Each structure stands twice: as C-alpha cells, then as structure tokens.
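Step one of this worksheet: look at the structure below.
The values are calculated or read from the model by the stated rules, or taken from the named source; none is laboratory data. Keep in mind the model is a prediction, meaning the values are calculated, not measured. Quick reminder, even Gly has a Cβ in these numbers, built from the backbone with ideal geometry, and neighbours come from all protein chains shown. The area values use the complete protein model at the heavy-atom level, side chains included, leaving out ligands, DNA and RNA. Shrake-Rupley method; radii C 1.70, N 1.55, O 1.52, S 1.80 Å.
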Amino acid sequence: LHVLEYLSERLVRAGRYVEAMEAALLAVEGAPLRESAHRAVIRVLAAEGNRGEAMSRDAELCAVLDRELGVGPSFQIEDAMSETTSPDRGDLDARRR
C-alpha cells in the first residue's frame, strides 16, 4: 500500500493523472479505512482541478470513519483538504469576470 501511494504521488508530479488515480484507488481498495490512501485520491483529484470531487471524497471518508470507527479524520486529511481549497481564489474569481 505504501508503494501504491508513493507511485500515485510520483505520477501526479509527472502529470500522469489517470495512472496516479489507478494507483491511489488500488490502495483504497486494499484498505478502505486507510486515510493515507484516501489522501492520495484527494491529491490526484485536486491536481486535476476537480476540487468539488475532492471535497465530496473527503466528506465520504469522514462519514465512513465516523460510522465504522466512531472517529473523525486525522489532521493529515485536513491538511490535504486545505491544499485542495487553498489556491488563490482571487485569480479564479478574476478569470470569471
């Protein structure tokens, strides 16, 4: 699972998002409650520019963790989400005008 997560990260850096997502999803499939695998999926989605889907994925993970384990997400998942939502929104708003 570590190798799949690492591979996903490397593939994102290379701009190979399809393969990065495949590796990340295999990691999630191997361990559905493994937050680091879900972080890999969220980071691929964010890199592709799919922030809404990344946020939806985060919400799903939070629900599963609460339902299955009675816990909330770790700070690492929160960090991954802040990376997803932190690009300069001013630039985005300016392009929409």
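Exactly one of (1) in contact (Cβ under 8 Å) with a residue 40 or more places away in the chain; (2) buried (at least 21 other Cβ atoms within 10 Å of the Cβ) is unmet by Ile77. Its number? Here Ile77 clears every test but (2). The criterion of at least 2 residues that are open to solvent by 80 Å² or more (accessible area, probe 1.4 Å) and of a type in the set (Asp, Glu) is met by the following helices (runs of 4 or more DSSP H) wholly inside region 1-69: 17-30, 51-69.
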